[in-house]
Amino acid sequence: MAQKLTPREKNLLLGCVGVLVFMGFAILANEFMQRRSTALQKISALQVQKSENDTWMADRAFWEKRRAWLIEKMPVTESLGRAQGQLLEDLQNQALEYGIISEQPTLPPLAAPNENYREVTVSMRLRGDQITVLRWLSTMQSPEKFQAIRLLDLEMDTRSREKTPQVVCNLTVARWFKPETGL
C-alpha cells in the first residue's frame, strides 16, 4: 500500500516539480528568443534587399538605355583567339607609335564564358619615358572601345641612364565582345 507523504516530502516534491516547470519554461523561452532573433535578422536583411531592389527599379529606365546601347555598340567576334591576337597587335602598334618598348607579351588563357560578355586579355611589359607611357595609358580605356586596364603595375626604372624619368609598366588589358547568345 501507498503511504501518505509527509509535509516535508510534499514540499520537496513541489520544489522538484517547480524546478522542472521553471527549467522547461527557461528552455522554451530560450528557443523562442533564438527563433525571434533569427527572424528579426532575416526581416532586416529582406528590408535591405527590398530597399536595393526599389533603387534598381527606380533606375530601370537608365539601365535599359545602357542595355540598348550595349546591344547596339558592343563588338562581335567569331573567334576569341583571333580577337586576342588582334588586341595584342593593336597594343604593340600603339606602343610603337608612342615610342614605347614592348617586352614579354603574353596571351593569358581565355576567360570562362559569361552570359553578359566574352572577354580576351593581353599582358605585356612596357618600358619608356614616364610622360609618354602615362599619356598612352590614359587613352587605353573607354566605353566605346570596350576595353579596360585590368592590371597596372607602374615602377620607376632606376637603372635607366636617360635624362627624363623612365618607367617599367606591367599591363593587362581586357576587351569585351557580345556573348554568343546575345545580351
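Please treat every number below as a calculation from the coordinates, not as lab data. Remember, predicted model here, so these are calculated numbers, not experimental data. All Cβ positions, even for glycine, are placed from backbone atoms using ideal geometry, and neighbour counts span all protein chains on display.
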Requested in this report: Would you mind getting me the FRET efficiency between Q141 and Q86? Use the beta-carbon distance for r and R0 = 22 Å, nearest 0.05.
Outcome: 0.80
Report task. Positive end of the charge dipole of segment 6-98 (Lys, Arg +1 and Asp, Glu -1 on Cβ, about the Cα centre): tell me which of Q41, M74, F22 has its Cα farthest that way. Result -> F22
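What does the C-alpha gyration tensor say about the overall shape of segment 53-153? Classify as rounded when a/c is under 1.5, otherwise prolate if a/b is larger than b/c, or oblate. Intermediate results must be reported in sequence, preceding the final value.
Details: a/c = 2.53, a/b = 1.74, b/c = 1.46.
Cα axes put segment 53-153 in the prolate bin.
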Query raised in the report: In Å and whole numbers, how far do the C-alpha atoms of segment 9-73 stretch along each principal axis, longest first?
Result: 90, 17, 7
**Report entry** Cα extents of segment 92-151 along the three principal axes, largest first (Å)
**Finding:** 40, 25, 18
Query - Antiparallel DSSP beta bridges within the chain, as percent of all bridges there, nearest 5 - result: 100
Query raised in the report: Counting alpha carbon pairs within less than 8 Å and at least 6 residues apart, what relative contact order, in whole percent, applies to the chain?
Result: 20
Report task. Tell me the label-point distance for the pair D157, L12, using the 7 Å Cα-to-Cβ offset, in nm and rounded to one decimal. Result -> 9.5
Query raised in the report: Modelled label-to-label distance, E97 and N53, 7 Å Cα→beta-carbon offset: nm?
Result: 4.8
**Report entry** Net lengthening on full extension, I27/L134 (0.36 nm per residue, minus Cα-Cα)
**Finding:** 31.8 nm
Report task. Among (i) 1.09; (ii) 1.49; (iii) 1.13, find the value of Rg/Rh (Cα atoms, Kirkwood Rh) that was calculated from the structure presented, and write down its label. Result -> (ii)
Report summary line: Expected unfolding gain across A2-R66 under the 0.36 nm per residue rule, minus the alpha-carbon gap, is 14.2 nm
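About the Cα centre of segment 9-73, what is the dipole size in debye to 20, counting +1 per Lys and Arg Cβ and -1 per Asp and Glu Cβ, all else neutral? Could the numbers behind the result be given before it?
Working: 10 positive and 7 negative charges, 51 e Å.
The calculation lands at about 240 debye.
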